[in-house]
Amino acid sequence: MTSLTPSFCKKAALITAAAVALSPIGAWAQTTTDKTSSSSTASAKPDRWLHVRVISTDGKGETVRVNVPLELAEKVLPAINHDRLHDGKVKIDCAHVNDVDLRALAEAIRNSKDGEYVTVQGNDNDVRVAKQSNYLIVHVLDKGKSKKQQVEIKVPMKVVDALFSAGKDELDLVAALHALSAQGDTELVSVKDEENTVRVWLDSKNVTE
Amino acid sequence: MLFLAKAALGLGGTIVLAGAYTFHEGVIRVDVDESRAGGSHVHMWVPAAAVPMALHIVPKRHFMYTSEHGRDFVPLAYAIVKELKKFPDAELIEVDDGTQHVRIRTHEGKLQIDETEPGQDVHLLIPLSTLEDVTSQLEANAPSA
């Protein structure tokens, strides 16, 4: 038996080595390499995340949190073909915008200097539309008797341009998302009333605050 | 004696390799617990690598049926899963209404769906690579428009 041991050991070592080489350690190493390479790519250009948070204080106190990578939304949107949404573009019904040429309107705003374009102060609503530091800003204060509601929208002009870059009766959502991904951390939409708070914002974190 | 040792080693090696291959993609985990009287309790662990293998023996007509009925959904699901693999772990959706809690997240290359409500808990854990295999096969077998 002792004379057979070296040969046996050699064969056992050979089989073990082959098993190790073929085992998932290889796959694991490959995955790790992939992850390393993807994270190094990611470190060059950090992922941008779109966050939506809805907090309702009425009744049960509902909370909705959605965190979506912008790149994912950009790639997935063209795969949705439903109703007015096709290839990442939404068809606008001209009848619903009262024959206003939205593209021309966006173009006019882009070429104009910073300032307040619309200011309405009424008994029921205050509305303010302005362009400020290359952002289109819309503030609406609904002073309704039952519920007060405040809406704030802040959209980079580049995103507005991209949105209207498609055909006359279309909004290019994919182009808008692409333009948005080049922006820094920013709050896009904020809606507050007595019962609900809605917030939509963009940053590089993959978790909600 | 030597022959027996070689046979044992060969058998052991084969079992280890087969086990490693079977579980190299992880496991699909399904846990359903109904806490009402007579409620069902399902706890299922399936090797994820078994699913693409099983899909190869599913008759093509079943694929056609599924693909046709999920014409809008399948390409979308495939696009989402394919892209999700590229991103780090994240809490994608969380809904809490006080009694019901739904959470969809990615965790270590798996899609995790947890739903808890009074009387019922559902937990799903599916490797993204498995979902990608399944959705890509469904898409590949979709009837052409």
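The values are calculated or read from the model by the stated rules, or taken from the named source; none is laboratory data. The structure displayed is predicted, hence computed values, not measured ones. All Cβ positions, glycine included, derive from the backbone under ideal geometry; neighbour counts span all protein chains shown.
Below are the figures for this structure:
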quantity: Test result for A:V64, free of Cβ contacts under 8 Å to residues at least 40 places away in the same chain, over 17 Å from A:A162 (Cβ atoms), in a strand (DSSP E or B) and out of contact with any Lys or Arg (no Cβ under 8 Å at 6 or more places or on another chain); calculated: no
quantity: Search result, residues across the stretch B:99-128 that are under 14 Å from B:A77 (Cβ atoms) and in contact (Cβ under 8 Å) with a residue 24 or more places away in the chain; calculated: B:L111, B:I126, B:L128
quantity: Selection within the stretch B:57-74 - outside any helix (DSSP H, G or I) and within 14 Å of chain A (Cβ to nearest Cβ); calculated: B:G70, B:R71, B:D72
quantity: Any hit, the stretch A:107-119, residues being in contact with a Lys or Arg (Cβ under 8 Å, 6 or more places away or on another chain), assigned to a helix (DSSP H, G or I) and surrounded by 14 or more Cβ atoms within 10 Å (Cβ to Cβ); calculated: yes
quantity: In the stretch B:9-44, the residues that are surrounded by 11 or more Cβ atoms within 10 Å (Cβ to Cβ), within 14 Å of another protein chain (Cβ to nearest Cβ) and either small (G, A, S) or within 19 Å of B:E108 (Cα to Cα) (or both); calculated: B:G10, B:G12, B:G13, B:G19, B:A20, B:Y21, B:T22, B:F23, B:H24, B:E25, B:G26, B:V27
quantity: Answer residue from the stretch A:120-143, given it is more than 26 Å from the chain's Cα centre (by Cα) and aliphatic (A, V, I, L, M) and is surrounded by the most Cβ atoms within 10 Å (Cβ to Cβ) among those; calculated: A:V127
quantity: Single match in A:P78, A:P46, A:P69 (criterion: surrounded by fewer than 14 Cβ atoms within 10 Å (Cβ to Cβ), in contact (Cβ under 8 Å) with a residue 12 or more places away in the chain, at negative phi and under 25 Å from the mean Cα position of the chain (by Cα)); calculated: A:P46
quantity: Residue under evaluation B:D96, criteria (1) more than 24 Å from A:K75 (Cβ to Cβ); (2) free of Cβ contacts under 8 Å to residues at least 24 places away in the same chain; (3) away from every other protein chain (no Cβ under 12 Å), criterion not met; calculated: (3)
quantity: Within the stretch A:161-174, considering residues that are in contact (Cβ under 8 Å) with a residue 24 or more places away in the chain and under 15 Å from the mean Cα position of the chain (by Cα), the one nearest to the other protein chains (Cβ to nearest Cβ); calculated: A:V174
quantity: Conditions (1) at pLDDT below 90; (2) surrounded by 16 or more Cβ atoms within 10 Å (Cβ to Cβ); (3) within 11 Å of another protein chain (Cβ to nearest Cβ); number of the one not met by B:R105; calculated: (1)
